[in-house]
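Student: Below is one structure. I have some questions about it.
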Amino acid sequence: MKKQSIVFLLLIVAFVLSGCSIFNGVKYYAKSDYSFYNESFELSEESLLKTNGVYVLESIWSSVDDKINREERNKSLYIFHKTGQSNMIMMPSVSSVPDYREVVMKNYNRTENNENIGTLFQGYYRLQGNKIIIENANSALRRFNYSYGYIENNKLIIVKPNSLQGDGKFEDRYFLQTYKEVYVFVPVENLESVLPNW
């Protein structure tokens with residue numbers, strides 16, 4: 001009788017643990033989950049935001065440190081699509097200028113081959129004048145993050161990255177300039193033919 005009780009207890013523990021992993025598993029977000037998703041969105045030709053290249057991280061500045069940080073361990077870049085999608089891609093530091101089209105293609109092919117693999121930074125954007133807000137999902141927290149910034153002189157300037165605050169509203173308090181990630185635009189040939197798969 002004791003062996004049956006132990007086996008029964010082990011089965012209950014196994015069921016409870018497997019149930020926990022089901023409820024705490026990664027959620028994969030669909031277009032309709034994003035408040036910024038708009039099926040009919042098309043970027044205006046007059047927009048300051050460019051889609052025929054990438055915005056590559058040049059520097060990070062904070063008023064707290066009062067200096068520019070040129071950390072080279074990892075580089076990141078943003079790509080934007082005319083249909084409203086955005087993506088930030090992290091890439092290891094390299095000594096030479098990378099082939100940005102190849103970097104984007106590798107990233108997109110990886111996620112296209114498995115629809116349940118995102119990049120953490122796939123999302124959508126909204127514009128208001130030269131202000132931009134980028135919405136992406138934090139799967140671990142099951143929350144949406146918002147990055148607030150500006151488009152100026154072929155640069156993307158993020159002043160509040162990955163914030164849980166604001167719910168994507170264009171309010172001045174989210175566009176303070178006490179922190180800046182400066183991304184410089186780099187044109188990339190045939191990049192507009194790369195279509196997002198989310």
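The values are calculated or read from the model by the stated rules, or taken from the named source; none is laboratory data. Bear in mind the structure is a predicted one, so any value in this text is a computation, not a measurement. Note that we place each Cβ from the backbone using ideal geometry, even for glycine, and neighbour counts take in every protein chain shown. These area figures cover heavy atoms from the full protein model, side chains too; ligands, DNA and RNA do not enter into them. Shrake-Rupley method; radii C 1.70, N 1.55, O 1.52, S 1.80 Å.
Student: I'd like to know if the stretch 168-190 contains one or more residues that are polar (S, T, N, Q), surrounded by fewer than 17 Cβ atoms within 10 Å (Cβ to Cβ) and in a strand (DSSP E or B).
Tutor: Within the stretch 168-190 (the criterion being polar (S, T, N, Q), surrounded by fewer than 17 Cβ atoms within 10 Å (Cβ to Cβ) and in a strand (DSSP E or B)), the answer is no, since none of the residues qualifies.
Student: Of all residues in the stretch 166-195, which are touching a helix residue (DSSP H, G or I) at 6+ places or on another chain (Cβ under 9 Å) and within 18 Å of residue 76 (Cα to Cα)?
Tutor: Within the stretch 166-195, 186, 188, 191 qualify.
Student: Keeping to the stretch 105-146, report how many residues are open to solvent by less than 60 Å² (accessible area, probe 1.4 Å) and either closer than 12 Å to residue 86 by Cβ or modelled with pLDDT of 75 or more (or both).
Tutor: Counting residues in the stretch 105-146 that are open to solvent by less than 60 Å² (accessible area, probe 1.4 Å) and either closer than 12 Å to residue 86 by Cβ or modelled with pLDDT of 75 or more (or both) gives 21.
Student: Let me ask something else about it. Would you check which residues across the stretch 183-198 are at pLDDT 95 or above and within 19 Å of the chain's Cα centre (by Cα) and list them?
Tutor: Residues satisfying the conditions are 183, 184, 185, 186.
Per-residue answers, yes or no, for (1) in a strand (DSSP E or B); (2) exposed (fewer than 13 other Cβ atoms within 10 Å of the Cβ); (3) modelled with pLDDT of 90 or more:
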residue: 12; (1), (2), (3): no, yes, no
residue: 18; (1), (2), (3): no, yes, no
residue: 46; (1), (2), (3): no, yes, yes
residue: 51; (1), (2), (3): no, no, yes
residue: 71; (1), (2), (3): no, yes, no
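Student: Could you list all residues from the stretch 152-174 that are modelled with pLDDT of 95 or more and in contact with a Lys or Arg (Cβ under 8 Å, 6 or more places away or on another chain)?
Tutor: Of everything in the stretch 152-174, those that are modelled with pLDDT of 95 or more and in contact with a Lys or Arg (Cβ under 8 Å, 6 or more places away or on another chain) turn out to be 154, 157, 158, 159, 170.
Student: So, in the stretch 144-165, exactly how many residues are over 25 Å from residue 30 (Cα atoms) and aromatic (Phe, Trp, Tyr)?
Tutor: Total satisfying the criteria: 1.
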